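Visitor: First the structure, which I've put down as structure tokens, then a few questions once you've had a look.
The values are calculated or read from the model by the stated rules, or taken from the named source; none is laboratory data. This one's a predicted model, so the numbers in the text were calculated from it and none came from an experiment. Here the Cβ is made from the backbone with ideal geometry for all residues, glycine too, and neighbour counts use every protein chain on show.
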Amino acid sequence: MANVSELQIERRKFKPVLPDVLKNGSASIKLVKGKATQSVADQDEIKKIFKNIYGLPEVRFKKGTNAVAAKKAIKVAVVLSGGQAPGGHNVIAGLFDGLKEANSENTLIGYLGGPSGILENKYKEISKELLCEYRNTGGFDFIQSGRTKIETPEQFSLTKANLLTSKVDALVVVGGDDSNTNAAMIAEYLKKENLGKCVVGVPKTIDGDLKNKYIETSFGFDTATKIYSELVGNICRDVNSAQKYWHFVRLMGRSASHITLEVGFKTQPNIVLVGEEILAKNMKLAKVVENIVDVIIRRSQAGKNFGVVLVPEGLIEFIPEMKELISVLNDTLAENADAVAKLSSIRDKKEFVCSKLPKELSDLMKSLPADIASQLMLDRDPHGNVQVSLIETEKLLIEMVHKKLSELKKENKYKGKFSAITHFFGYEGRCGIPSNFDANYTYALGYNAAMLVINGLTGYLSSVRNLVKSPEQWECGGIPLTMMMNIERRHGREKPVIQKALVDLDGKPFKEFVKNRDEWAVSESYIFPGPIQYFGPADVTDMMTRTLRYEQSEK
């Protein structure tokens, strides 16, 4: 890192706080096993796929003695997989420090460029001096990331060969739900091959959809939502100053609305769309637009032709008719990949695809604006997901809102003015310098992962819990990756994947939002949170997400 800011220099001095259970070293950390587990759904199918790692017990770390920790030196590899998230470098730092504390001869290498680095056997050895430049920083640039998926027999065989060639004893995969599903597949393969190597996952995604009873939040969510909230807060202040525009802000979050809901809590805009509610209420696109128009009219009648709307990135997949269209499109594009690839223009591709769709869905596809229709046909990511970050849902909503308001104006039911501005905040939040919470959390996750590796546990996800308490009181251990799995349709096939955690409409965070949104709609209750605070009073610098606070208050 040739160029560093004054803030980066100061952040290097930050010392993450370890949970008490991890502080006295690996020899003083006792492993406690719980009962055998099963997957959250589709138990028979998941058990058939993961014959060697299914049913593992949950494990917890307690203070005690551990003779295993004193065994021979090991070589561990770490790989960053999927999209970036603030705190990834501290996972590596925690992993490095945990391994070195256990045995100074332990070695850590980092595969370069994500899982493709495993297949190409490209890596670098991580030293204390090299790592020093990256502690407490954002980004994944230390070893980079990638979205390659290891799934073919040839890829598994190559993974095995490269791990053996490099004499790697354990692999730590830092990733989201899809990446950790891939980690489970690798763990199963290596176990079947009886290689004695372990694979451990670390929960990463700013989307917040990799969580459950044992994973209270994924790392990066805290930092990213604080960054987005600063930007949205600035827009709220601007709109309250100019009082003449409607700002439609699309926020990252591929399959869940956690980011949008959290930013809503932090800024209190006029409209917050929650995809899970739209799906549960079976709202058609027209109804979503009608609800937005209703707020616009109510504000206009009060002389307020301005406001802020938050739109989750994955909204389009929650609208029932659009969800069905995307699902059928996924299968159609997968089944006709060669034929579609031969067509040169978007228009030809659209006509071909529409000819393969049921009439109702074909008519819907044809009714969409050309840009949206073409965006829906873009190549899927390696995991079979539509690239929702490239679908400009906010522009679709604005176009439909404008059309509806024009109709109402002709009927003399609307006399206001509607001028809209669009924003998409996504990449801005993925590589920020981690908040104090994420800096502590990621370091603990990495150190905890080292303890899982040292104890020879494979097929586990690093779990650090009790997060509403101070870091010293956090609880550590691991949960089986298969425990979180179900079967979903990807690339036209049924596949095992870690089940995504959506916004719980019966949970306290959503209920808290429902209590307040009518007031937010008509008033200027805007909050301007400002930038992430690193220095100052603890109730500001160590402030956790509202989502986590509400969720944990239920317990």
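Visitor: Quick one: would you say ILE74 is over 29 Å from CYS132 (Cβ atoms), of a type in the set (Val, Ile, Thr) and either touching a helix residue (DSSP H, G or I) at 6+ places or on another chain (Cβ under 8 Å) or touching a residue at least 24 places away in the same chain (Cβ under 8 Å) (or both)? Talk me through it step by step, then tell me what you get.
Guide: Values: over 29 Å from CYS132 (Cβ atoms): no; of a type in the set (Val, Ile, Thr): yes; either touching a helix residue (DSSP H, G or I) at 6+ places or on another chain (Cβ under 8 Å) or touching a residue at least 24 places away in the same chain (Cβ under 8 Å) (or both): yes.
Judged against the criteria, ILE74 is not a match.
Visitor: Here's another thing I want to ask about it. Looking at the range 1-33, which of the residues that are small (Gly, Ala, Ser) and surrounded by 12 or more Cβ atoms within 10 Å (Cβ to Cβ) is farthest from LEU130 (Cα to Cα)? Lay out the reasoning, then the answer.
Guide: If we filter the range 1-33 for residues that are small (Gly, Ala, Ser), which is where we start, we get 2, 5, 25-28.
Filter again for surrounded by 12 or more Cβ atoms within 10 Å (Cβ to Cβ), leaving 25-28.
Details: GLY25: 23, SER26: 24, ALA27: 27, SER28: 29 Å.
Only one residue fits best here, namely SER28.
Visitor: Can you tell me which residue in the range 354-370 is modelled with the lowest pLDDT, limited to those that are assigned to a loop (DSSP other than H, G, I, E, B) and surrounded by fewer than 16 Cβ atoms within 10 Å (Cβ to Cβ)?
Guide: The first filter runs over the range 354-370 and keeps only residues assigned to a loop (DSSP other than H, G, I, E, B), leaving 357-358, 368-369.
Adding the requirement that they be surrounded by fewer than 16 Cβ atoms within 10 Å (Cβ to Cβ) leaves 358, 369.
Values: PRO358: 92, PRO369: 80.
Restricting to residues being assigned to a loop (DSSP other than H, G, I, E, B) and surrounded by fewer than 16 Cβ atoms within 10 Å (Cβ to Cβ), the top hit is PRO369.
Visitor: Continuing with the same structure: Need the failing condition index for LYS149 against (1) within 23 Å of GLY459 (Cβ to Cβ); (2) at pLDDT 95 or above, just the number.
Guide: Going through the list (1) within 23 Å of GLY459 (Cβ to Cβ); (2) at pLDDT 95 or above, LYS149 breaks only (2).
Visitor: Determine whether ARG465 is under 18 Å from GLY220 (Cβ atoms) and either of a type in the set (Phe, Trp, Tyr) or surrounded by fewer than 24 Cβ atoms within 10 Å (Cβ to Cβ) (or both).
Guide: On the way: under 18 Å from GLY220 (Cβ atoms): yes; either of a type in the set (Phe, Trp, Tyr) or surrounded by fewer than 24 Cβ atoms within 10 Å (Cβ to Cβ) (or both): yes.
For ARG465, the condition - under 18 Å from GLY220 (Cβ atoms) and either of a type in the set (Phe, Trp, Tyr) or surrounded by fewer than 24 Cβ atoms within 10 Å (Cβ to Cβ) (or both) - is met.
Visitor: Still on this structure, please answer the following. Cβ-Cβ below 7 Å, separation at least six or inter-chain, first residue in the range 397-422 and in the same structural domain as TYR245 (by TED's automatic domain parsing), second among the acidic types (Asp, Glu): which pairs?
Guide: THR422/GLU394
Visitor: Restricting to the range 246-258, name every residue that is touching a helix residue (DSSP H, G or I) at 6+ places or on another chain (Cβ under 6 Å) and of a type in the set (Phe, Trp, Tyr).
Guide: Hit for the range 246-258 is PHE248, nothing else.
Visitor: Residues of the range 54-90 being buried (at least 23 other Cβ atoms within 10 Å of the Cβ) and within 21 Å of ALA27 (Cα to Cα), which ones?
Guide: Those that are buried (at least 23 other Cβ atoms within 10 Å of the Cβ) and within 21 Å of ALA27 (Cα to Cα): PHE61, VAL76.
Visitor: Could you list all residues from the range 371-398 that are at pLDDT 80 or above, outside any loop (DSSP other than H, G, I, E, B) and either surrounded by fewer than 20 Cβ atoms within 10 Å (Cβ to Cβ) or small (Gly, Ala, Ser) (or both)?
Guide: Applying the first criterion (at pLDDT 80 or above) to the range 371-398 yields 371-377, 391-398.
Now narrow it down to the ones that are outside any loop (DSSP other than H, G, I, E, B): 371-376, 393-398.
Those that are at pLDDT 80 or above, outside any loop (DSSP other than H, G, I, E, B) and either surrounded by fewer than 20 Cβ atoms within 10 Å (Cβ to Cβ) or small (Gly, Ala, Ser) (or both): ASP371, ILE372, ALA373, SER374, LYS395.
Visitor: Among (1) farther than 25 Å from LYS417 by Cβ; (2) touching a strand residue (DSSP E or B) at 6+ places or on another chain (Cβ under 9 Å), which single condition is TYR245 missing?
Guide: With (1) farther than 25 Å from LYS417 by Cβ; (2) touching a strand residue (DSSP E or B) at 6+ places or on another chain (Cβ under 9 Å) applied to TYR245, the lone miss is (1).
Visitor: Does ILE143 meet the test of being crowded, with 22+ Cβ neighbours inside 10 Å, part of a helix (DSSP H, G or I) and not aromatic (Phe, Trp, Tyr)? Can you show your working first?
Guide: Working: crowded, with 22+ Cβ neighbours inside 10 Å: yes; part of a helix (DSSP H, G or I): no; not aromatic (Phe, Trp, Tyr): yes.
No: the conditions fail for ILE143.
Visitor: Sticking with this structure for a sec: Within the range 147-156, does at least one residue satisfy the condition of being among the β-branched types (Val, Ile, Thr), part of a loop (DSSP other than H, G, I, E, B), free of Cβ contacts under 8 Å to residues at least 40 places away in the same chain and farther than 25 Å from TYR427 by Cβ? It would help to see each step written out before you state the result.
Guide: Of all residues in the range 147-156, those among the β-branched types (Val, Ile, Thr) come to 148, 150, 152.
Now narrow it down to the ones that are part of a loop (DSSP other than H, G, I, E, B): 148, 150, 152.
With the extra rule that they be free of Cβ contacts under 8 Å to residues at least 40 places away in the same chain, the set shrinks to 150, 152.
Of the ones still in play, those that are also farther than 25 Å from TYR427 by Cβ are 150, 152.
Yes - at least one qualifying residue is present in the range 147-156.
Visitor: Tell me yes or no: at least one residue of the range 377-385 is touching a Pro at 6+ places or on another chain (Cβ under 6 Å) and within 29 Å of ALA224 (Cα to Cα).
Guide: no
Visitor: For SER344, all conditions in the list (1) over 28 Å from VAL514 (Cβ atoms); (2) in contact (Cβ under 8 Å) with a residue 40 or more places away in the chain; (3) assigned to a loop (DSSP other than H, G, I, E, B); (4) small (Gly, Ala, Ser) hold save one; what is the number of the exception?
Guide: (2)
Visitor: Could you list, in sequence order, the residues of the range 212-253 that are assigned to a strand (DSSP E or B) and within 30 Å of GLN499 (Cβ to Cβ)? Even if it seems obvious, please write down each step before you answer.
Guide: Quick first cut of the range 212-253, residues assigned to a strand (DSSP E or B) only: 219, 246-251.
The answer is PHE219, VAL249, ARG250, LEU251.
Visitor: If you don't mind, another one. Would you confirm whether any residue within the range 334-344 is at pLDDT below 85 and either under 17 Å from THR393 (Cα atoms) or in contact with a Lys or Arg (Cβ under 9 Å, 6 or more places away or on another chain) (or both)?
Guide: yes
Visitor: Within the range 207-215, does at least one residue satisfy the condition of being crowded, with 20+ Cβ neighbours inside 10 Å and assigned by TED's automatic domain parsing to the domain that holds GLN533?
Guide: Checked against the condition, which is being crowded, with 20+ Cβ neighbours inside 10 Å and assigned by TED's automatic domain parsing to the domain that holds GLN533, the range 207-215 yields no hits at all.
Visitor: Could you say which residue among ALA161, ALA77 is under 23 Å from ASN455 (Cβ atoms) and either aliphatic (A, V, I, L, M) or part of a helix (DSSP H, G or I) (or both)? First the steps, then the outcome.
Guide: Details: ALA161 fails: under 23 Å from ASN455 (Cβ atoms).
Result: ALA77 is the single residue among ALA161, ALA77 that is under 23 Å from ASN455 (Cβ atoms) and either aliphatic (A, V, I, L, M) or part of a helix (DSSP H, G or I) (or both).
Visitor: Is one or more of the residues making up the range 483-491 within 30 Å of ASN66 (Cα to Cα) and either in the same structural domain as ALA27 (by TED's automatic domain parsing) or under 18 Å from the mean Cα position of the chain (by Cα) (or both)?
Guide: Yes, because at least one residue in the range 483-491 is within 30 Å of ASN66 (Cα to Cα) and either in the same structural domain as ALA27 (by TED's automatic domain parsing) or under 18 Å from the mean Cα position of the chain (by Cα) (or both).
Visitor: Can you name every residue in the range 3-60 that is touching a residue at least 40 places away in the same chain (Cβ under 8 Å), part of a loop (DSSP other than H, G, I, E, B) and among the hydroxyl-bearing types (Ser, Thr, Tyr)?
Guide: THR37, SER39, TYR54 - these are the residues of the range 3-60 that are touching a residue at least 40 places away in the same chain (Cβ under 8 Å), part of a loop (DSSP other than H, G, I, E, B) and among the hydroxyl-bearing types (Ser, Thr, Tyr).
Visitor: Kindly check whether there is at least one residue in the range 412-429 that is assigned to a helix (DSSP H, G or I) and surrounded by 14 or more Cβ atoms within 10 Å (Cβ to Cβ).
Guide: Narrowing the range 412-429 to residues assigned to a helix (DSSP H, G or I): 427-429.
In the following step, the residues that additionally are surrounded by 14 or more Cβ atoms within 10 Å (Cβ to Cβ) were identified as 428-429.
Yes; the residues of the range 412-429 include at least one that is assigned to a helix (DSSP H, G or I) and surrounded by 14 or more Cβ atoms within 10 Å (Cβ to Cβ).
Visitor: Quick one: which of VAL464, VAL453, VAL468 is among the β-branched types (Val, Ile, Thr) and either free of Cβ contacts under 8 Å to residues at least 24 places away in the same chain or in a loop (DSSP other than H, G, I, E, B) (or both)? Lay out the reasoning, then the answer.
Guide: Working: VAL464 fails: either free of Cβ contacts under 8 Å to residues at least 24 places away in the same chain or in a loop (DSSP other than H, G, I, E, B) (or both); VAL453 fails: either free of Cβ contacts under 8 Å to residues at least 24 places away in the same chain or in a loop (DSSP other than H, G, I, E, B) (or both).
Testing whether each residue is among the β-branched types (Val, Ile, Thr) and either free of Cβ contacts under 8 Å to residues at least 24 places away in the same chain or in a loop (DSSP other than H, G, I, E, B) (or both) leaves just VAL468.
Matching residues to (1) aromatic (Phe, Trp, Tyr); (2) surrounded by 14 or more Cβ atoms within 10 Å (Cβ to Cβ); (3) touching a helix residue (DSSP H, G or I) at 6+ places or on another chain (Cβ under 6 Å); (4) outside the structural domain of SER389 (by TED's automatic domain parsing):
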site	(1), (2), (3), (4)
LEU310	no, yes, yes, no
GLY314	no, yes, yes, no
MET322	no, yes, yes, no
ASN330	no, yes, no, no
ASP338	no, no, no, no
ILE346	no, yes, yes, no
PHE352	yes, yes, no, no
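Visitor: Inside the range 164-176, can you point out the residues that are in contact with a helix residue (DSSP H, G or I) (Cβ under 8 Å, 6 or more places away or on another chain) and over 19 Å from GLU105 (Cα atoms)?
Guide: The answer is VAL173, VAL174, GLY175.
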